[in-house]
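The numbers here are math on the coordinates, done by the rules we state, and not lab data. Just so you know, these numbers come straight off a predicted model, no measurement behind them. Note that each Cβ is placed from the backbone with ideal geometry, even for glycine, and that neighbours are counted across all protein chains shown.
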Amino acid sequence: MSSSPNDPTIDQSSTESTPVDTPAVDRPDATVDELEADRAATRERLAASVEALVAKTDVKGQAKARATETADQVKSGAEDVLDQVRQLPPAVLAAVAIGVTLVVVLAIRRSRLS
């Protein structure tokens, strides 16, 4: 499958602009500076492609990034819940504390009976 010069999937933004759309290496009248610029642009495109491939194959790095993102979301959610709890009236907080204490006591008694 060959790609055309107008193929939108090819990034041509980093290539040197020449009077002709042909790369300098393919023109017999290309100067040394044009050839070197063409080579440098090709190296930049190749380096970007290699970096993109390395990033895609870095499963450990991707997992670490997702874990960090998830941890940030959990922290944000916990802060939101904590803010909501702080706004509750003291009577509601006392009722919740009594309920949690009751559950803990019952769990301890049940484990001792077993």
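Of all lysines in the structure, the ones whose alpha carbon falls short of 18 Å from that of K75, not counting any fewer than 8 places away in one chain, are K64. Residues within the reach of a label modelled at D26 (point 7 angstrom out along Cα to beta-carbon, backbone nitrogen below 13 Å), restricted to the stretch 36-63: there are none.
Its residue count N sets the reference 2.2 N^0.38 Å, and the alpha-carbon radius of gyration of the stretch 59-113 equals 1.80 times that reference.
Rounded to 0.05, the FRET efficiency of the T68 and R43 pair, given R0 = 30 Å and the Cβ-Cβ distance, is 0.40.
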